[in-house]
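One structure is given below, encoded as structure tokens.
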Amino acid sequence: MSVTVLGIESSCDDTAAAVVRDGYMLSNVIASQDVHRQYGGVVPELASRAHQQNIIPVVDAALQNAGIARTEVDAVAFTQGPGLLGSLLVGVSFAKGFALATRAKLVAVNHLQAHILSNFLKEHAKEKETPTFPFLCLLVSGGHTQIIVMRDYLDMEIIGQTIDDAAGEAFDKCAKMMGLPYPGGPAIDRHAQDGNCAAFRFSKPCIAGLNYSFSGLKTSFLYTLRDKCRDDHGFAERRLADLCASLQHTIIEILMDKLEKAVRQTGIKEIALAGGVAANSGLRNAISAAAQQYGWKAFLPEFRFTTDNAAMIALTGYFKYGKQLFSTQNITPAARLSQS
Ligand code: KG4
Ligand code: ZN
């Protein structure tokens, strides 16, 4: 029997809807919110208002692009958390209403788990190879930095994570210090292409085990910028490419050190990348180079699946549907949801 899942994502500043049928993506629609750009970061109140405006047209477009009617949806999967509460509320409320109106099942999805499972997104059976279990996933987003052992679609263990800032946060905050627009990661990635990654040295953390820390790097970057700009006001602008290249290089070194350690500790050599920072060209190159050097099998998600999208929510919903992991109308959003 065929299973059709409508996915809804509204955890931050993207309103997204997608349809997955029998594990394959039929449509994937995203409305990004430009309103935050002028404030240099996401403004929660504005985000939830924009979600309210966008959600119905986005869902309509996802159903239309998939060529299906509302009545064909077997389950509506939605992001329960983690994320901004006011933003999550819009998606959760919409999903509940949709489920009531159409009698579809309700499936709550963890946003982080969905990022990892985005490695399994495809439109056709023969499209590409996907990871086999167990594999390691480096999940790097604006809010999280984790190394996870994936034993099955819904069976995961976090073996390392950041104790302070996330990698994406380090990109965004340092970008802001240089006067670059939000989100800073893509801008740093672009400028870094023209810079010398050995031009500046920033401090790297000494954290035990497989955990990460990025707050020291952020401070080190701030002090470098402040000291150099004191007598030379045009410094940041003139050396932008070198600053971006050196910063990106340091973030990647920190990420790769612990990932290599995790491979040595677990003996698992299949590595997947996920989350917004997975779009970073330097990180993708570093993973591919390590795969060559150490004989890993690396899986890099398509760019359209690295940042927030609803296809990953629908696919995770599809796997949960298979295990009959349904929610009731009593479900509430959880801003600080952790993976289980
Ligand atoms: O996964 P995501 O879309 O949202 C969260 O769930 O956090 O990740 C957004 C993060 C932002 O910090 C953004 O700067 C970063 O991903 N990002 C990048 C790149 N593209 C997006 N960071 C570095 N290089 C990129 N090319
Ligand atoms: Zn995300």
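Among (1) surrounded by fewer than 19 Cβ atoms within 10 Å (Cβ to Cβ); (2) within 16 Å of ligand 2 (Cβ to nearest atom); (3) part of a loop (DSSP other than H, G, I, E, B), where does R304 come up short?
Going through (1) surrounded by fewer than 19 Cβ atoms within 10 Å (Cβ to Cβ); (2) within 16 Å of ligand 2 (Cβ to nearest atom); (3) part of a loop (DSSP other than H, G, I, E, B) one by one, R304 breaks only (3).
In the set D155, D164, which member is surrounded by fewer than 18 Cβ atoms within 10 Å (Cβ to Cβ), without any contact (Cβ under 8 Å) to a residue 60 or more places away in the chain and closer than 25 Å to D14 by Cα?
Result: D164 is the single residue among D155, D164 that is surrounded by fewer than 18 Cβ atoms within 10 Å (Cβ to Cβ), without any contact (Cβ under 8 Å) to a residue 60 or more places away in the chain and closer than 25 Å to D14 by Cα.
Report the residue count in the stretch 84-119 for those that are within 23 Å of F305 (Cβ to Cβ) and either in contact with an Asp or Glu (Cβ under 9 Å, 6 or more places away or on another chain) or of a type in the set (D, E, K, R) (or both).
8
Between residues in the stretch 244-267 that are in contact (Cβ under 8 Å) with a residue 24 or more places away in the chain and residues that are within 12 Å of ligand 1 (Cβ to nearest atom) and of a type in the set (V, I, T), which pairs lie under 6 Å by C-beta distance while being six or more apart or on different chains?
Close Cβ pairs (under 6 Å, with a partner that is within 12 Å of ligand 1 (Cβ to nearest atom) and of a type in the set (V, I, T)) amount to C244/I188; Q248/I188.
Take the residues in the stretch 260-279 that are within 12 Å of the chain's Cα centre (by Cα) and not in a helix (DSSP H, G or I); name whichever of them is farthest from ligand 2 (Cβ to nearest atom).
Applying the filter and picking the extreme gives L273.
Checking the condition in the same structural domain as R103 (by TED's automatic domain parsing) and open to solvent by less than 80 Å² (accessible area, probe 1.4 Å), which residue from G282, G295, G317 passes? If you could, list the steps in order and put the result at the bottom.
Details: G282 fails: in the same structural domain as R103 (by TED's automatic domain parsing); G295 fails: in the same structural domain as R103 (by TED's automatic domain parsing).
G317 is the lone residue from the list that is in the same structural domain as R103 (by TED's automatic domain parsing) and open to solvent by less than 80 Å² (accessible area, probe 1.4 Å).
Consider the stretch 135-157. How many of its residues are away from ligand 2 (no atom under 16 Å from the Cβ) and of a type in the set (V, I, T)?
2
Could you pull out the residue among F120, F133 that is surrounded by fewer than 17 Cβ atoms within 10 Å (Cβ to Cβ) and closer than 20 Å to A278 by Cβ?
Just a single option satisfies the conditions, and that option is F133.
Run down A125, A108 and say which single residue is at pLDDT below 95 and aliphatic (A, V, I, L, M).
Result: A125 is the single residue among A125, A108 that is at pLDDT below 95 and aliphatic (A, V, I, L, M).
Give me the strands (runs of 3 or more DSSP E) completely within the stretch 92-153, filtered to those with at least 1 residues that are in the same structural domain as A170 (by TED's automatic domain parsing), ordered by residue number.
Strands (runs of 3 or more DSSP E) meeting the threshold: 135-140, 145-152.
I'd like to check something: does the stretch 243-259 contain any residue that is within 15 Å of ligand 1 (Cβ to nearest atom), touching a helix residue (DSSP H, G or I) at 6+ places or on another chain (Cβ under 9 Å) and open to solvent by 50 Å² or more (accessible area, probe 1.4 Å)?
Scanning the stretch 243-259, I find at least one residue that is within 15 Å of ligand 1 (Cβ to nearest atom), touching a helix residue (DSSP H, G or I) at 6+ places or on another chain (Cβ under 9 Å) and open to solvent by 50 Å² or more (accessible area, probe 1.4 Å), so the answer is yes.
Please identify the pairs in which a residue from the stretch 289-307 that is farther than 30 Å from C12 by Cα has its Cβ atom under 9 Å from the Cβ atom of a residue that is among the acidic types (D, E) and open to solvent by 50 Å² or more (accessible area, probe 1.4 Å), counting only partners at least 6 apart or on another chain.
Every condition considered, the pairs that remain are K297/E129.
It is to be established whether one or more residues within the stretch 206-213 are near ligand 1 (Cβ under 9 Å from one of its atoms) and touching a Pro at 6+ places or on another chain (Cβ under 8 Å).
First, pick out the residues of the stretch 206-213 that are near ligand 1 (Cβ under 9 Å from one of its atoms): none.
No - not one qualifying residue is present in the stretch 206-213.
Among the residues of the stretch 18-28, write down those that are assigned to a strand (DSSP E or B) and either among the hydroxyl-bearing types (S, T, Y) or away from ligand 1 (no atom under 16 Å from the Cβ) (or both).
Selection gives V19, V20, R21, Y24, M25, L26, S27.
Among the residues of the stretch 76-91, how many are of a type in the set (A, V, I, L, M), farther than 17 Å from S32 by Cα and surrounded by 24 or more Cβ atoms within 10 Å (Cβ to Cβ)?
Residues flagged as of a type in the set (A, V, I, L, M), farther than 17 Å from S32 by Cα and surrounded by 24 or more Cβ atoms within 10 Å (Cβ to Cβ) within the stretch 76-91 amount to 2.
Only one of these conditions is not met by V5: (1) open to solvent by less than 20 Å² (accessible area, probe 1.4 Å); (2) within 16 Å of ligand 1 (Cβ to nearest atom); (3) not hydroxyl-bearing (S, T, Y). Which number is it?
V5 satisfies all of (1) open to solvent by less than 20 Å² (accessible area, probe 1.4 Å); (2) within 16 Å of ligand 1 (Cβ to nearest atom); (3) not hydroxyl-bearing (S, T, Y) except (2).
Of the numbered conditions (1) out of contact with any helix residue (DSSP H, G or I) (no Cβ under 6 Å at 6 or more places or on another chain); (2) open to solvent by less than 50 Å² (accessible area, probe 1.4 Å), G179 satisfies every one except a single condition; which is it?
Evaluating G179 over (1) out of contact with any helix residue (DSSP H, G or I) (no Cβ under 6 Å at 6 or more places or on another chain); (2) open to solvent by less than 50 Å² (accessible area, probe 1.4 Å) leaves (2) as the failure.
Quick check, is A311 aliphatic (A, V, I, L, M) and touching a strand residue (DSSP E or B) at 6+ places or on another chain (Cβ under 7 Å)?
Considered against the rule, which asks whether it is aliphatic (A, V, I, L, M) and touching a strand residue (DSSP E or B) at 6+ places or on another chain (Cβ under 7 Å), A311 comes out as yes.
Would you pick out the residues in the stretch 182-202 that are surrounded by 22 or more Cβ atoms within 10 Å (Cβ to Cβ) and small (G, A, S)?
G184, G185, A192
The values are calculated or read from the model by the stated rules, or taken from the named source; none is laboratory data. This structure is a prediction, so every number in the text was calculated from the model and none was measured. Because the Cβ atoms are built from the backbone with ideal geometry, glycine has one as well, and the counts that use them run over all protein chains shown. In case anyone asks, the SASA skips ligands and DNA or RNA and just uses the protein heavy atoms, side chains included. Shrake-Rupley method; radii C 1.70, N 1.55, O 1.52, S 1.80 Å.
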